[in-house]
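One structure below.
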Amino acid sequence: MLSSLPPFVLFFVGAVVIAFTRGTARKVLILAIPLVGGLNLWFGVEPGLHLQFDLIGYTLTPYRADKLSLLFGYLFHLAAFLGFVYALHLGDGTPEGSVAGEVGEDDIVGNASAGLQHVAAMVYAGSALGAVFAGDFITLFIFWELLAISSVFLVWARKSERSYATGFRYLIIHVISGVLLLSGALMLAHETGSIEFGHVGLVGTGAAGWILLLSFGIKAGFPLLHNWITEAYPESTPTGTVFLSAFTTKVAVYALARSFVGTDVLIYIGTAMTFFPIFYAVLENDLRRVLGYSMINQIGFMVAGIGIGTGMAVNGAVAHAFADVIFKGLLFMSMGAVMTMTGRTKGTDLGGIYKTMPFTAGLCIVGASAISAFPLFSAFVTKSMIMVAAIEEHHYIVWLFMLFASAGVLEHAGIKIPFFSFFAHDSGIRAKEPPRNMLIAMSIGAVLCVLIGVFPTQFYTLLPYEMDYHPYDLRHVVTQLQLLAFGALGFITLVKSGVYPDEKRAIHVDAEWLYRKAGPWLAGTVGRAVTRVDVYVRSSVLEFVGSIMHGAERTHGPVGPLAKSWPTGSMVLWVAILLVAYLLFYL
């Protein structure tokens, strides 16, 4: 039975097969694998332990299914299917980043190897599935590292000098996360005798709990640990970024929901994540980097919901993760389509292309409406659960920050992305619509954004906890419409009055300052100090050794006293004197 096999097996076998296929056969395979796997998961897998064995005294569980893991399993099959539909044109002679018009040198996307991207994406999706169905920390660690190794090829596939450097930094960060995960798991096993991937928390687990939280936090993009998102995603290929946006951070959200539900510190970490990215997103010129900041902002809502820890809050967190993969994927697909057809992703270079790319513009607006939580769109019925839970648990300050962050989402993702891409100043670019498969993938994503928003009750049945929540009550609808109206009015006012920050050709540095500025300065300062100390110690030691050698030469040299011939009688006298001295001290 296929249902008895862990879901990742089909993807790993498929990756090997598609590496040796071409043309139509490869296209059929990359679409069939997530489709067949998803249908099998939906109809053929029941909650429970489906695979378990003992190894060196520990119980390994590579395949554990429950409502939480199944929800993310459905999500990752869906994300893989949409990603492969979007990437179906690769290998047809249509290079990613084909340029229509004059393009800056830094914005031209190199031709990517279709086979490399398809294989890497297939292993990447399989690794994400392996992680969410893992029942122990050792199995989780294996897939945690496979996520890093497979996904970095999607960054390198762009084949630019910057993408290679970014990929290496990305890989180092995620390998460190894996090392921390393994260290925390081994410490936890030493303290408890178990490696079960379950609730850990920070109470009673000592350093192990904090190390595991840090490991998960790196992949989730906690503050000061988030720059791999805003650096790697814009440097990936147009299709690679769609896959990157779907898996790594959502695996981290799943891990937090599995192991740290109700951990208070996550409330405040998540709130900070919702808040600070909106300021950088306003200033940022690269629109894919804006979406990177937007992703951190949305993950913040999920992290805060997990920290609140009630059934409503956790349901809201995982439901929002599900919706985010779709609407954020739709926005990344829209920007990828723009990048493919124009070679550009900076707000200063774009504008006016709605005239020749109307379908892409319309689909982008759907994604922008969904992430902004307009009624009848997905985020309206998911994010609201987290905010209601915050109010119910009396986290009023947290709720106010989330409310402000929601208005910020409207500004930087709901308005800025479609406005500066398609409707701002006319850039003169007249690019045509992207390949049909890209439009189909974006259309499926847009439909799902609407279906989740229109039929939330059916979606809620997939969530891990039972609840009675109705998002379309009058107070919630009116409050959200007021927030959206005033947010849009604020944007229009700032733009018309000239107060809104201009898009500038610049790299805005946030926590990257630690390794872009502070790191080199600290390394240079320490290096110079070490050099001075080394010179001083080296010269002092050489001077000391030289003085000893000079003294020895005066005594033992050719003209030294010890080089002379001594009478035998004198030698006997000195031996007698030394013997008497020894006897006196001894007695």
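Annotations for the structure displayed:
- Across the options 53, 63, 293, the greatest Cα extent toward the positive end of the charge dipole of the chain (unit charges at beta carbon of Lys, Arg, Asp, Glu) belongs to 293.
- Simple Cβ-charge dipole of region 261-510, Lys/Arg +1 and Asp/Glu -1, about Cα centre, in debye nearest 20: 960 debye
- Entries in 346/383; 416/517; 250/383; 328/383; 219/346; 159/219 that, when Cα-Cα distance is taken, lie over 22 Å: 346/383; 416/517; 219/346; 159/219
- Under-5 Å amide H pairs with residue 346, H placed in peptide plane, nonlocal only: 287
- Distribution of pairwise C-alpha distances over the chain, 20 Å bins, in %: 19, 49, 17, 6, 7, 2, 0
- Paramagnetic label reach from residue 162 (point 7 Å along Cα→Cβ; backbone nitrogen cut-off under 12 Å): within region 248-285, residues 285.
- In this structure, the amide hydrogen of residue 63, modeled 1.01 Å from its nitrogen in the peptide plane, lies closer than 5 angstrom to those of 50, 51, 135, counting only residues at least 5 positions away or on a different chain.
- Gained length - residue 393 relative to residue 473, 0.36 nm times residue gap less alpha-carbon distance: 26.8 nm
- Dipole of the chain, positive direction: furthest Cα of 183, 118, 448, with charges on the beta-carbon: 118
- Footprinting exposure proxy ranking of 580, 261, 253, 290, fewest other C-beta atoms within 10 angstrom first, gives 580, 261, 253, 290.
- Label-to-label distance, nm, for residues given as residue 192 and residue 547 (7 Å Cα→Cβ offset): 6.3 nm
- The HN-Hα couplings worked out from phi for region 250-267 by the Karplus form 6.51 cos²θ - 1.76 cosθ + 1.60 (θ = phi - 60°) are 6, 4, 5, 4, 4, 4, 5, 5, 7, 10, 10, 4, x, 7, 4, 4, 5, 4 Hz, whole numbers, x standing for Gly and Pro.
- Of 436, 158, 169, the sequence from fewest to most neighbouring Cβ atoms within 10 angstrom is 436, 169, 158.
- Dipole size of the chain about its Cα centre, with +1 on Lys/Arg Cβ and -1 on Asp/Glu Cβ: approximately 1080 debye, rounded to the nearest 20.
- Summed side-chain charge close to residue 33 - residues other than residue 33 whose Cβ falls under 15 Å, Lys, Arg +1, Asp, Glu -1: +2
- Each residue, residue 356 and residue 583, gets one label point 7 Å from its Cα in the Cβ direction; the gap between the two is 11.5 nm.
- For region 448-455, Karplus couplings with θ = phi - 60° (6.51, -1.76, 1.60), whole Hz, Gly/Pro x: 5, 4, 6, 4, 5, x, 7, 10
- Judged by the mean number of other Cβ atoms found within 10 Å, the most tightly packed of the peptides 398-410, 451-463 leads the ranking 398-410, 451-463.
- Cα gyration tensor shape of region 261-510, rounded if a/c is under 1.5, else prolate or oblate by comparing a/b with b/c: prolate
- Between residue 457 and residue 17, the simple label model (points 7 Å from Cα in the Cβ direction) yields a spacing of 4.1 nm.
- Calculated [θ] (222 nm, deg cm²/dmol) that DSSP helices of n ≥ 4 give over the chain, each run adding -39,500 (n - 2.57): -22500 deg cm²/dmol
Just so you know, all these numbers are worked out from the coordinates, no wet-lab data involved. A quick note: this is a predicted structure, and the numbers were derived from the prediction, not measured. Note that each Cβ is placed from the backbone with ideal geometry, even for glycine, and that neighbours are counted across all protein chains shown.
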